[in-house]
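To keep things clear, I will list the structure first and then write my remarks on it.
Each value in this text was obtained by applying a stated rule to the coordinates, not by laboratory testing. Keep in mind the model is a prediction, meaning the values are calculated, not measured. Using ideal geometry, Cβ is built from the backbone for each residue, glycine included, and neighbour counts are taken over all protein chains shown.
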Amino acid sequence: MKFAKALGLMCGSFMLVANGVSAQELEQKTGQPPGPESQKPAESDARDKPLRDAEALMKAGKPADAYNLLAPLEFDRSGEVRFDYLIGIAALDSGKPDKATLAFERVLAVDPNFAGARLDMARAYYQLGDLPRAKTEFETVSKQNPPEAARATIKKYLDAIAAQQSAKQTRFSAYVEGGLGHDTNVNNSTSQAQISVPYFNNAVFTLSPTNLKTADNYYSAATGGEVSHSFNNNWGLYAGADLRQRGNQTETAFDTLSLDGRAGVIFASSEKNMFRIGGTKGRYNLARVHDHDSSGFNADWRHVYDPANQASLFVQYGRYRYVNPAMSIQDFDQATLGTGWLHVLAEGKSVLFGSLFLANENDVAPITPTNPSGGRADGNKNALGLRAGGQTAVGTRTELFVNLGLQAGVYDKTNASFLIKRKDNQLDLSVGANWHWDRNWTLRPQLNYTKNDSNIAIYSFDRADVSLTLRRDFR
């Protein structure tokens, strides 16, 4: 038996020698006796290497590279405290606080007393703007007798949270702006000078120049502001107003002045859900004469799914009444119901948004001597609309934007003059840029284009408006 054992050892030694390695050399190189157990440190080293590399990248000030190194391993290695903590730190320091909170939650699920993870969780909530949860986490860490340096950091964050929450109680913003522009159709009129009217056996009528497409240069001015006050984390009030004027160089009959006010209640059931409901009131002047008034209410609900996605539902109702009895034939009530979506792209510099809405204009024109049957010529209107757009930052001072709107409208009353029910399809397009030479001043070049196609010629028109506006914000 001893002989067989010795023979086996000799054979093993000869095999090692044949491969150019003695047992003694192997032991000296690995620190382990030869055999299957010697593979475990190698496997452990291979598994530990990504973590060491990530730590090195963090120390070199490259958290984004560290996160990109660890992210592909997250599915297999989530649940390992060291891995989760490291990828959480990398995510937090590379601007991904939402992903950091997920990693820190896994760490704290395994080790609730891991003060470092809880402190960084608080920092992540702070970056997300979730101040109540950030405050809770910071206060929890402060009760765990942290080192003096950590205690000083916690105090700075808590002071900043207190200041922000105090500032949030009452907020005020205002603006003033002025601009110059050129409008190819200041009166939203057709370019077709002669119109055939079926009611008069298709007789051709020549339109008055005031009802034809007219171009002009103009100036614009506006000012406004809004104040909001929070009573607590759930309830608040808001109120605001805007005053806008536009004067044409020669076509002063189409000068406008509008004043619009709003006020209402805000209710936030959580950081992710906010409701607003309020009333509106407006006055509109045309050619320096009181033309019509508006009043109504609006309500909306906004839900934040995550830092990159926000959904909304909205409803609006308005009453529009003309001052001149001869114009009361145009009176109507309008109701709108819609939904919207906003998405922030991964780099955080671009935003996409869109909305879909249904609208109804209820014909409420009264019976008058000039309108004995009541109602407007085309009756009620139902419309379906779509709006979409986006904005992207170019450098640190400029944003480019584009907005597109499409709306299809049908009326329910046969027009007595044209013997058909009116149908309109309207396109609106806005493109421009905002250039900020500091946080309060903005220079905005902009092009607006509108095209309305109608089966009744007098309602078909197109319009291009190019402008340059200077704005000053106060906040």
Projected label distance in nm at D260 and V227, using a 7 Å step from Cα toward the beta-carbon:
2.2 nm
Long-range amide H partners of F332, meaning residues 5 or more apart or on another chain whose placed amide H is closer than 5 Å, are Y320, V364
Tell me the net charge near A100. Cut-off is 14 Å between Cβ atoms, A100 excluded, with +1 for each Lys or Arg and -1 for each Asp or Glu.
-3
Let's test the formula: R0 of 51 Å, r as the Cβ-Cβ distance of Q330 and N68. What FRET efficiency results, to the nearest 0.05?
0.25
List every residue whose amide H lies under 5 Å from the amide H of N187, counting only residues 5 or more places away in sequence or on a different chain, with H placed 1.01 Å from N in the peptide plane.
T214
The answer for the net charge of residues other than Y449 whose Cβ lies under 15 angstrom from its Cβ, with Lys and Arg +1 and Asp and Glu -1, is -1
Contour minus end-to-end for N360 and S196, with contour as 0.36 nm per residue of separation and end-to-end as the Cα-Cα distance?
56.1 nm
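Treat every Asp and Glu Cβ in region 251-370 as -1 and every Lys and Arg Cβ as +1, leave all other atoms uncharged, and give the resulting dipole magnitude about the Cα centre to the nearest 20 debye. Let's see the in-between values first.
Values: 10 positive and 13 negative charges, 71 e Å.
Magnitude of the dipole: close to 340 debye.
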Compute the helix-to-body angle for 97-110: its Cα long axis versus the longest principal axis of the chain, expressed 0 to 90° and rounded to tens.
40 degrees
Angle, helix 81-93 long axis vs. longest principal axis of the chain, Cα atoms, 0 to 90°, nearest 10?
40 degrees
Which ³J(HN,Hα) values in Hz, rounded to whole numbers, follow from the phi angles of region 59-69 under the Karplus curve 6.51 cos²θ - 1.76 cosθ + 1.60, where θ = phi - 60° and Gly and Pro get x?
5, 7, x, 10, x, 5, 5, 5, 5, 5, 6
Label of the coordinate-derived value, Rg and Dmax of the Cα atoms in Å, listed as (i) 20.9, 68; (ii) 53.3, 202; (iii) 34.6, 130:
(iii)
What's the tally of Lys pairs in region 170-474 whose alpha-carbon atoms lie under 14 angstrom apart, where the two lysines are 8 or more places apart or on different chains?
7
Residues whose built amide H sits under 5 Å from the amide H of I456, excluding neighbours closer than 5 in sequence, are K423
Please report the net charge: other residues with Cβ closer than 13 Å to the Cβ of L400, K and R +1, D and E -1.
+2
With x for Gly and Pro, the residue-by-residue ³J(HN,Hα) of region 247-253, computed from phi through the Karplus equation 6.51 cos²θ - 1.76 cosθ + 1.60 at θ = phi - 60° and given in whole Hz, is x, 8, 5, 10, 8, 5, 5
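Order these peptides, 130-137, 222-229, by their mean beta-carbon neighbour count within 10 angstrom, highest first. Working shown, then result.
Numbers: 130-137: 18.1, 222-229: 16.0.
Output ranking for 130-137, 222-229: 130-137, 222-229.
Do the sum for the chain: with -39,500 (n - 2.57) for every DSSP H run of n ≥ 4, divided by all residues, what is the mean residue ellipticity at 222 nm, to the nearest 500 deg cm²/dmol? Each step should come with its number before you reach the end.
Values: 10 runs with 133 residues, N = 475.
It comes out at -9000 deg cm²/dmol, rounded to the nearest 500.
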Once phi is turned into θ = phi - 60°, what whole-Hz ³J(HN,Hα) does the Karplus curve with 6.51, -1.76 and 1.60 give for every residue of region 434-443, x standing for Gly and Pro?
10, 10, 10, 8, 7, 5, 10, 10, 9, 10
